[in-house]
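Here you go, one structure.
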Amino acid sequence: LRYKEMANNNPDIVVFEGGKNDFNKKTPIGANDDTSTKTFKGALNVLIDGLRAKYPNAVLIAVTPWKVAGTNDIGNTVSSYADAMREICALKGVACFSADDPALSGVDMTDAAFRAKYSMSASDVSHLNLAGHKLVLPKFEKFIADTYTAAKAN
């Protein structure tokens, strides 16, 4: 887990995203109490606990992968990983931006017309181009600002 290599500073906010590469690599989802980095939920548990220990004053924000079609060889969809992330974040009290919800993020990688306009290429289901980043920026900014404000109010 790369968080160990991050600077030993005192950030106000740490945002992390995951799930799409895990889908691609056919990582098992795992169980809620996993601490094995060989499962998605286990790696999330290790990551969140590690970030909390390293940055005790930071507000943590998770981001799910975009909505993407298809099933990997072990029977999981990208939505399976997004659901797992939401579940672990809820159990650990971490805010989670559901980027896989097109109504929330504005991104629907299952839509060919969307990809043609907002992805690096018409076949790219992972990477937004400049227009795509401009589309999602206000949504991310609002979520981060609202989450940070609420956390500091407590």
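The values are calculated or read from the model by the stated rules, or taken from the named source; none is laboratory data. Computed from a predicted model, the values in this text were never measured in an experiment. Neighbour counts run over all protein chains shown; Cβ positions are idealised from the backbone, glycine included. Ligands, DNA and RNA are stripped out before the accessible areas are found, and what is left, the full protein with its side chains, is counted by its heavy atoms. Shrake-Rupley method; radii C 1.70, N 1.55, O 1.52, S 1.80 Å.
Out of the residues in the range 23-60 that are surrounded by fewer than 16 Cβ atoms within 10 Å (Cβ to Cβ) and in contact with a Gly (Cβ under 7 Å, 6 or more places away or on another chain), which is nearest to A145 (Cα to Cα)?
The extreme case among them is T35.
Residue-by-condition table, conditions (1) touching a helix residue (DSSP H, G or I) at 6+ places or on another chain (Cβ under 6 Å); (2) open to solvent by 50 Å² or more (accessible area, probe 1.4 Å):
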residue	(1), (2)
Y118	yes, no
D124	no, no
H133	no, yes
K142	no, yes
D146	no, yes
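Residue-by-condition table, conditions (1) under 30 Å from G30 (Cβ atoms); (2) hydroxyl-bearing (S, T, Y); (3) in contact (Cβ under 8 Å) with a residue 24 or more places away in the chain:
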position	(1), (2), (3)
K67	yes, no, yes
Y81	yes, yes, yes
C89	yes, no, yes
F97	yes, no, yes
L130	no, no, no
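Residues checked against (1) hydrophobic (A, V, I, L, M, F, W, C); (2) on the phi < 0 side of the Ramachandran plot; (3) touching a Lys or Arg at 6+ places or on another chain (Cβ under 9 Å):
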residue: K54; (1), (2), (3): no, yes, yes
residue: P65; (1), (2), (3): no, yes, yes
residue: G70; (1), (2), (3): no, no, no
residue: D73; (1), (2), (3): no, yes, yes
residue: M85; (1), (2), (3): yes, yes, yes
residue: S105; (1), (2), (3): no, yes, yes
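Would you point out which residue out of K20, K4 is within 17 Å of the chain's Cα centre (by Cα) and either open to solvent by less than 80 Å² (accessible area, probe 1.4 Å) or in contact (Cβ under 8 Å) with a residue 12 or more places away in the chain (or both)? Walk me through how you get there before you give the answer.
Numbers: K4 fails: within 17 Å of the chain's Cα centre (by Cα).
Step by step, each of K20, K4 is checked, and only K20 is within 17 Å of the chain's Cα centre (by Cα) and either open to solvent by less than 80 Å² (accessible area, probe 1.4 Å) or in contact (Cβ under 8 Å) with a residue 12 or more places away in the chain (or both).
Is it the case that some residue within the range 97-112 is more than 23 Å from N129 (Cβ to Cβ), open to solvent by 50 Å² or more (accessible area, probe 1.4 Å) and modelled with pLDDT of 95 or more? Explain how you work it out, then say what you get.
The first filter runs over the range 97-112 and keeps only residues more than 23 Å from N129 (Cβ to Cβ), leaving none.
Among the residues of the range 97-112, not one is more than 23 Å from N129 (Cβ to Cβ), open to solvent by 50 Å² or more (accessible area, probe 1.4 Å) and modelled with pLDDT of 95 or more, which makes the answer no.
Out of curiosity, is D49 in a helix (DSSP H, G or I) and farther than 29 Å from T110 by Cβ? Show your work before the answer.
Values: in a helix (DSSP H, G or I): yes; farther than 29 Å from T110 by Cβ: yes.
So D49 fits the description; yes.
Take the range 64-93 and flag every residue that is open to solvent by less than 10 Å² (accessible area, probe 1.4 Å) and either in contact with a Gly (Cβ under 7 Å, 6 or more places away or on another chain) or within 13 Å of E17 (Cβ to Cβ) (or both).
The answer is T64, P65, V78, Y81, A82, M85, C89.
Let me ask something additional. Hey, any hits in the range 97-114 for a residue that's within 20 Å of K4 (Cα to Cα) and touching an Asp or Glu at 6+ places or on another chain (Cβ under 6 Å)?
Step one: of the range 97-114, the residues within 20 Å of K4 (Cα to Cα) are none.
No; the residues of the range 97-114 include none that is within 20 Å of K4 (Cα to Cα) and touching an Asp or Glu at 6+ places or on another chain (Cβ under 6 Å).
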